[in-house]
1. When the accessible area of the chain is computed with all protein chains present and a 1.4 Å probe, what percentage of it is carbon and sulfur?
2. Rolling a 1.4 Å sphere over the protein heavy atoms, what is the accessible area per residue of the chain, to the nearest Å²?
3. Each label point is 7 Å from the Cα along the Cα-to-Cβ direction; what then is the distance between the points at Ala70 and Ala252, in nm?
4. Quick one: P(r) of the stretch 182-323 from all Cα-Cα pairs, 5 Å bins, percents rounded to integers, in order of increasing distance.
5. Given points 7 Å out from each Cα along the Cα-Cβ axis, report the Val458 to Arg204 separation in nanometres with one decimal.
6. Give the residue list of trypsin sites (Lys or Arg not before Pro) in the stretch 171-279 that are DSSP loop and have at most 16 other beta-carbon atoms within 10 angstrom.
7. May I have the extent of the alpha carbons of the stretch 276-395 along their three principal axes, as whole Å values ordered from largest to smallest?
8. May I ask you to derive the FRET efficiency for Ser375 and Ala450 from their Cβ-Cβ distance with R0 = 56 Å, giving the value to the nearest 0.05?
Amino acid sequence: MSSRPASAPRTVNLVTLGCARNEVDSEELAARLTASGWELTEDGDASVVLVNTCGFIQAAKQESIDELLAAAESGAKVAAVGCLAERYGTDLAGELPEAQVLSFDDYGEIGARLDDVLAGRKRPAHVARDRRTLLPVSPAERQPLQRPAPPEAPAAPWTGPDGGVFRRRLSGGVVAPLKIASGCDRRCTFCAIPSFRGAFVSRRPPEILAEARWLAANGVRELVLVSENSTSYGKDLGNLRLLEEVLPDLAATEGSELVRISYLQPAELRPGLIEVIAGTPGVAPYFDLSFQHASGRVLRAMRRFGDRERFLALLDQIRDRSPEAGVRSNFIVGFPGETAEDLTELELFLSHAGLDAIGIFGYSDEDGTEAASLSGQLDAAEISRRVEEFAALADELMTQRAENRLGETLDVLIEEPSEDGPDGSYLGRAAHQAPEVDGVTTVISDGPLAAGDMVRAVVTGSEGVDLIDDVKPR
């Protein structure tokens, strides 16, 4: 372990793990740290390493713990924020004395908290509690959302021309997440996220639109709207159709080419929202639907709604409005009590759904969830077998779906030159391909292209879920 002088500089390496919502949180933390006089660096000699952890599933928890331990071994002071830190509080601090464990409630004073970490002043870790209890049960009583006020820094580079934006981008690129809400009011028996992320709270439209304009002014061409449940947007503002109203305004953001919405709940997807997503220029006809299973019996045990027939009918509604719409979903296999008949229902659904992207996950108990105490628990070997079987089916079906797009003309957002492709090839994504999870499109062009260009191209080939396109002459 290396040694550091007592007067170590106020430099911080901010490490982000987990989902796009964590990415937004990290960029808000970065803005606050910079305003507090901290210098952000990726250098291995940073005086403090701040790890924004993920606490979703066991693999993510372990990755977060490993990152914290590695940071401590570097000789830096270490602090943990994010979902794992919030979820376990004093328990995590007891297991990892190397790290100072901070809460979401510390974010507004993150600069001062890291001053304590740097000085070796150990603050007591928070006692984890159910954050849903911090806000009224009635959504209408949760507004206005109480957010920490930005420090006074009118000339700071993260404050956009519209004001009110407090965020510093940590990576370049032409795509960025834009958080529209936080928390979740659903009570899925397998999920612990609401207990540590809290009750559902929407951001107000002017704040979202100002951040969208700021991102577009800083080179972002695709805005990816994120939350724990985007179909609930507006319910605490007294308008269940607010997302339908905001999407066209976001799509009209100067400099933006595409708005993509993620985390849609099938049971809450209204015909009017389908119409707006499928029919608004500048909004990707893309449906990230959280099906989780297709057996009505398993879904009821998950405390969710729907079944194979209802889900297929929903997909028919989407494709009646937009035949080429992209659809992705994730599924859990090995849920307690899952039978061969339930798996048959899932197989039938997947075989008929025509999904562009399919994620298969094995069930695992999560602390504090109802499903952990259900009867019919399956052993790990059987769950792994089911994951392997359905992952293979998913790969086959996604490959088939990509092949079915041969001959389609797509708008493709260019992200970077292709290092492995032939001369004149670029990597991008079509409307049915979300960043990092849904495959890419390799575009072959006779002329030069730049990151952020939107080109019209014809699908000429596919490799698994990835497409190969030729730029269509104008």
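The values are calculated or read from the model by the stated rules, or taken from the named source; none is laboratory data. From a predicted model like this one, the values you see are computed outputs, not experimental measurements. Because the Cβ atoms are built from the backbone with ideal geometry, glycine has one as well, and the counts that use them run over all protein chains shown. We work out accessible area using only protein heavy atoms, side chains counted, and drop any ligands, DNA or RNA first. Shrake-Rupley method; radii C 1.70, N 1.55, O 1.52, S 1.80 Å.
1. Details: 10390 of 20580 Å².
The nonpolar share, carbon plus sulfur, comes to 51 percent.
2. Heavy-atom accessible area per residue stands at 43 Å².
3. For the pair Ala70/Ala252, the computed spacing is 4.6 nm.
4. Percent of pairs per bin, in order: 2, 10, 18, 20, 20, 15, 10, 4, 1, 0.
5. 5.1
6. Values: sites: Lys179, Arg186, Arg187, Arg197, Arg203, Arg213, Arg221, Lys235, Arg241, Arg260; in loops: Arg186, Arg187, Arg203, Arg221, Arg241.
Listed in order of number, the matching sites are Arg187, Arg241.
7. 47, 29, 23
8. Here the calculated transfer efficiency is 0.45.
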